[in-house]
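Visitor: One structure coming up, written as structure tokens, with questions to follow.
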């Protein structure tokens, strides 16, 4: 039942984990449905990967907070490529480092609507297409923040605890169907994540000073590995940290120099 060239949908594909996953899976012969709010970036990526690897690609604008946007993106991608097998619900963000009593509505709503509601809307729209294909894999991109808490991260941690709950629930609900469910939960990773959160390039760069942090390609490899295992094997949850990060938070980090 496993297709030779799975069709993979990735949200948040314009940078970070999403872009890295698209690049790696294209090299494995997967066809790609790539979505992000930054349409020009995913269009350029889709064109590049199609030319380089000979895979079929579809690029579309999607705001995972908006139901109509998600539904339209998933439907258009599935029609363009003729189906859907794998979903990587990657779109997510952190905004600020506020105490709970200080957080502005704008930051709180951005995190909860993108990290929780956006994931639900993506899977809700994509699952009928995956079921119709007869074989599938759903990937949640969680975080070590879904396994611990830290000061200034209350709402972000709550959102990632929510992602963990969604992944565990979907695993129960799909048991017996030929669809696997995996949550990949990274620790400190050097992507655009901290720049988006802190809105300050110097502060974002300082977080990783002296640390060999995870890269987008590391998380992409985890997705590729879990996806290519035998069909009876389901990796429920992967907690992934660099060797320099020993705790789920930054409480135990090795900095050199």
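Visitor: Relative to the longest principal Cα axis of the chain, at what angle does helix 16-27 sit, 0 to 90 degrees, rounded to 10?
Guide: 30 degrees
Visitor: Label residue 165 and residue 101 with points 7 Å out from Cα along Cα→Cβ: what is the distance between them in nm?
Guide: If labels sit at residue 165 and residue 101, their model points lie 2.5 nm apart.
Visitor: Rounded to whole Å, give me the distance from the Cα center of region 206-237 to that of region 76-103.
Guide: Region 206-237 and region 76-103 have Cα centres separated by 17 Å.
Visitor: A further question follows. Using 17 Å as the cut-off for backbone N distance, which residues of region 105-132 belong to the label zone defined by a point 7 Å from the Cα of residue 37 along Cα→Cβ?
Guide: 105-122
Visitor: Can you give the FRET efficiency to the nearest 0.05 for residue 150 and residue 232, using r as the Cβ-Cβ distance and R₀ = 45 Å?
Guide: 0.75
Visitor: Considering only the chain, what is the antiparallel percent among its DSSP beta bridges, to the nearest 5?
Guide: 5 percent
Visitor: Compute the angle between helix 154-173 and the longest alpha-carbon principal axis of the chain, please, reported from 0 to 90 degrees and rounded to the nearest 10.
Guide: Its long axis makes an angle of about 30 degrees.
Visitor: Using 0.36 nm per residue of separation minus the Cα-Cα distance, give me the extension gain between residue 201 and residue 132 in nm, one decimal.
Guide: 20.4 nm
Throughout, read-outs are computed from the coordinates displayed, never taken from laboratory work. If you're wondering where the values come from, they're calculated on a predicted model, not measured in any experiment. Positions of Cβ are backbone-derived with ideal geometry, glycine not excepted, and every protein chain shown enters the neighbour counts.
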